[in-house]
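Encoded as structure tokens, the structure appears first; notes follow it.
Values in this text are rule-based calculations from the coordinates and carry no lab data. The structure displayed is predicted, hence computed values, not measured ones. Neighbour counts run over all protein chains shown; Cβ positions are idealised from the backbone, glycine included.
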Amino acid sequence: MTESGPRSEDLLAHVLLPVAHEEDALATAEALEPYHPDRVTALHVVEKGGGVPDKTPVEQSEELAAESYAAVRTVFPDADEHTAYARDVAGAIFDAADEVDASAIAYRSRGGNRLMQFLSGDLSLKLVTNADRPVIALPRVDEGE
């Protein structure tokens with residue numbers, strides 16, 4: 001039997017882990033931890049406004065990224081970090097996966113109702129339909145669920 005597709009390495013050899021903020025980073029890292037990836041790179045995308053004011057000042061966004069990386073390192077002490085600046089979050093995730101040569105992208109859905117998902121462009125849908133490498137949807141286990 002032959003393997004299909006361009007990637008034949010271990011799925012968990014190098015996982016790109018997009019994170020939004022400190023709480024999300026910790027929950028996402030904890031959801032990935034039972035799968036024992038060989039290498040993890042945490043990614044924080046600073047959303048740029050594209051001709052309009054940015055959602056948050058760059059300094060605040062960079063502080064948020066640093067807090068997120070620290071949270072990931074409580075679970076994966078050797079995790080690398082990668083910060084991207086872009087208007088298109090999904091595109092930035094795909095570009096970062098190429099830049100760090102990730103074997104897979106692992107993410108945890110941020111939830112929200114259907115209207116919020118529609119308004120945000122449903123990042124999950126973009127990740128699973130447009131990726132050029134495996135995308136791992138991590139289980140979501142939140143208090144109260």
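Put in line by how crowded their Cβ is, counting other Cβ atoms within 10 Å and starting with the fewest, Ser68, Ser103 read Ser103, Ser68.
Whole-Hz Karplus values for segment 62-77 come out as 5, 5, 4, 4, 4, 5, 5, 5, 4, 5, 4, 5, 5, 9, 10, x Hz, taken residue by residue from phi with 6.51 cos²θ - 1.76 cosθ + 1.60 and θ = phi - 60°; glycine and proline positions read x.
This ranking places Glu67, Glu33 by how few other beta-carbon atoms lie within 10 Å of each, fewest first, which gives Glu33, Glu67. Note on His21 and Leu125: their simple-model spin labels are 2.5 nm apart, each label 7 Å out from Cα toward Cβ.
Distances between placed amide hydrogens fall under 5 Å for Val75 paired with no residue 5 or more residues away or on another chain.
Remark: Thr74, Thr83 ranked as Thr74, Thr83, counting other beta-carbon atoms within 10 Å and listing the fewest first. Using R0 = 22 Å, the C-beta based FRET efficiency linking Asp78 and Asp98 works out to 0.55.
Taking R0 as 41 Å, what FRET efficiency do you get between Ala13 and Val58 from their Cβ-Cβ distance, rounded to the nearest 0.05? All intermediate terms of the calculation are to be shown ahead of the outcome.
On the way: r = 33 Å, r/R0 = 0.79.
According to the calculation, E is roughly 0.80.
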